[in-house]
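I have placed the structure first, in the form of structure tokens, so that the comments after it can refer back to it.
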Amino acid sequence: MKRLPIKIKIALLFTLLMAAVVSAAMFALLSVGERMVVGATQNDLIDAVAEGRSEIEYEHGDLDFDDDLKYYENGVSLSVYNAAGQLLYGRQPAGLRPSELPLSHAEMRIAGESPRSYYIYDMEYQQEGYGALWIRGALPTDSTDTAFAALMRLTAVILPLLIVIGAAGSYFAASRALAPVRKIAQTAEEITAGGDLSKRIALGEGKDEIYSLAATFDRMMGRLQGAFEKERRFTSDASHELRTPASVIISQCEYALDNAGSQEDLRAALESVLEQARQMSSLIAHLLSFARADAGGMEMGDEAVDLSGLASSVAEQAAELAASKSIRVEADIEGGLLIRGDETLLIRMMWNLLENSIKYGRQGGVARFALRRENGWIVGEVRDDGIGIAPEHIEKIWERFYRVDESRSGGGFGLGLPMVKYIAEAHGGSVSASSWDEGGGGPGSVFVFRLPQKK
Ligand code: ADP
């Protein structure tokens, strides 16, 4: 049974059910039908007996039986007796004489042994001038059997026919209803075999559960495809980023080994190698963080953090970095803002934003860092008057390895902002960027993060 296709199972179940219902209905019909046939036959017998009465007259001291009084008509045998039970007229089937079966007024009886059994109906009445007369009607019971047998024969043909039609119909309906499931399985099979994640079931519009299953499957494949592509891009970008410092290290070492004559040459080569190695190490640290974050395994502290205090010290450190570029850091930090979360990650988030505002800031410009409470949220804003971000890049800066202009990124990998976004979201918050150069007040960027205030 388990190996049968589901459409056959459904068709079988339907057919069985239908056969049961139809048989029950037929059975009920037959039993009502039988009762009706018997009732109608008995009524015929009673009518024939009652009519016989009007065909008998008493004239001039004689009983006169009209010609219309047939002693055998439509299977009914009629016989007339006097009160003593003597046959006056008609035909009496063997075994049904009053001596054998006493007369009994207006009572339907069955007499004789099957197959020669009869319905018997007697009627007593007063014939004017003569006195009591009895009319007995006898009708073979098998006359009802024939009518009933015809009904049975009809049933015997109709019942199997109905079941065959029902079985074919339910098989057809089940295969139609399950056709989309076949399509789903086929698509899944194709994806498994060919690895082409762009395949979709595309059942189109439809309201039933199977259509919504197919749509869910398609949506899931869309997400999977997106995730895989992101993963592939990330790996290829990371390899690319690692290759550059690696080839610099190799070429520096080769050069030093072949050409470095003096201590100074060697030193210069080593310094360059050291710088590239630091770059690589920093990139590897970044990659590790993302790999952990993606695997959901990044350790996240959940301690009470004084965000105001952290923000002030980040601003102080940023001021030191900014001094080299004559950038002024203005901090406007509301005191006593508390949050639950990971202190190290929160510092990293604010530092990345402030570092960018200096890195991409204007020589001699200003970087403003504000932190305040707003409708139960802690809102941080980092604003600079630097190079700004063109609208076509504003959404993309959150993607890993995305840099608007590699040459101005100062050795950055394009991983700072994705980490900011990850940290904000991991704390139940969000972050957004805009460039405020549209007003004509000079270019600049503003980054706003919002974190839920937790006690
Ligand atoms: P990077 O290490 O390159 O700074 P980020 O992820 O921090 O990487 O930033 C991605 C890109 O977004 C940067 O390369 C830069 O082009 C742009 N960007 C980030 N912050 C600013 C800012 N304050 N002003 C202008 N551009 C910015």
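Laboratory data are not the source of any read-out in this text; all were calculated from the coordinates shown. Computed from a predicted model, the values in this text were never measured in an experiment. FYI the Cβ positions are ideal-geometry reconstructions off the backbone, even for glycines, and counts take in every protein chain you see.
So what is the calculated 222 nm ellipticity per residue for the chain, using -39500 (n - 2.57) for each DSSP H run with n of 4 or more, over all residues, to the nearest 500 deg cm²/dmol?
So the calculated ellipticity at 222 nm is -18500 deg cm²/dmol.
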* Asked: For Asp208 and Arg116, what does the FRET efficiency come to when R0 = 56 Å and r is the distance between their Cβ atoms, rounded to the nearest 0.05?
  -> 0.30
* Asked: Which FRET efficiency, nearest 0.05, do Glu406 and Thr192 yield, Cβ-Cβ r, R0 41 Å?
  -> 0.55
* To do: Check the straight Cα-Cα distances from Lys199 and name the lysines below 20 Å, setting aside those fewer than 8 residues away within the same chain.
  => Lys183, Lys230
* **Relative contact order for the stretch 230-294, counting Cα pairs under 8 Å that sit 6 or more residues apart, in percent** => 39 percent
* To do: Report, as a whole number in µm² per second, the diffusion coefficient that Stokes-Einstein gives for the chain at 10 °C and 1.306 mPa s using the Kirkwood radius over alpha carbon pairs.
  => 48 µm²/s
* Asked: How many nm is it between the label spots at Ala83 and Arg176, if each spot is 7 Å from the Cα in line with the beta carbon?
  -> 7.8 nm
* To do: With r as the distance between the Cβ atoms of Asn375 and Leu159 and R0 = 60 Å, compute the FRET efficiency 1/(1 + (r/R0)^6) and round to 0.05.
  => 0.20
* To do: Provide Rg over Rh for the stretch 376-455; use the alpha carbon set for both Rg and the Kirkwood Rh (inverse mean inverse pair distance).
  => 1.00
* To do: Would you please put 77-88, 32-43 in order of how densely packed they are, using the mean number of other Cβ atoms within 10 angstrom per residue and starting with the highest?
  => 77-88, 32-43
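Quick one, can you get me the convex hull of the C-alpha atoms of the stretch 230-294 expressed as volume per residue in Å³? Write out the running numbers ahead of the final one.
Details: hull volume 3.7 nm³, N = 65.
So the per-residue Cα hull volume is 57 Å³.
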* Structure fact -> Quick numbers on the stretch 322-403, Rg and Dmax over C-alpha atoms in Å, give 14.2, 38
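Test of understanding: what is the full-extension gain from Leu63 to Thr235, defined as 0.36 nm times their sequence separation minus their Cα-Cα distance?
49.6 nm
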* List the lysines whose Cα lies under 17 Å from the Cα of Lys325, skipping any in the same chain that are fewer than 8 positions away. => Lys359
* **Whole-number Å³ per residue for the convex hull built on Cα positions in the stretch 131-184** => 77 Å³
* Inter-part distance where the stretch 1-74 and the stretch 231-276 are each reduced to a Cα centre, Å -> 107 Å
* Just for the Cα atoms in the stretch 303-452, what are the lengths along the principal axes, largest first, rounded to whole Å? -> 40, 30, 30
* Taking the stretch 1-123 as the region of interest, what is the percent of Cα-Cα pairs per 5 angstrom bin, listed from the shortest bin to the one with the maximum distance? -> 2, 8, 14, 16, 13, 8, 6, 5, 5, 4, 4, 4, 4, 3, 2, 1, 0, 0, 0
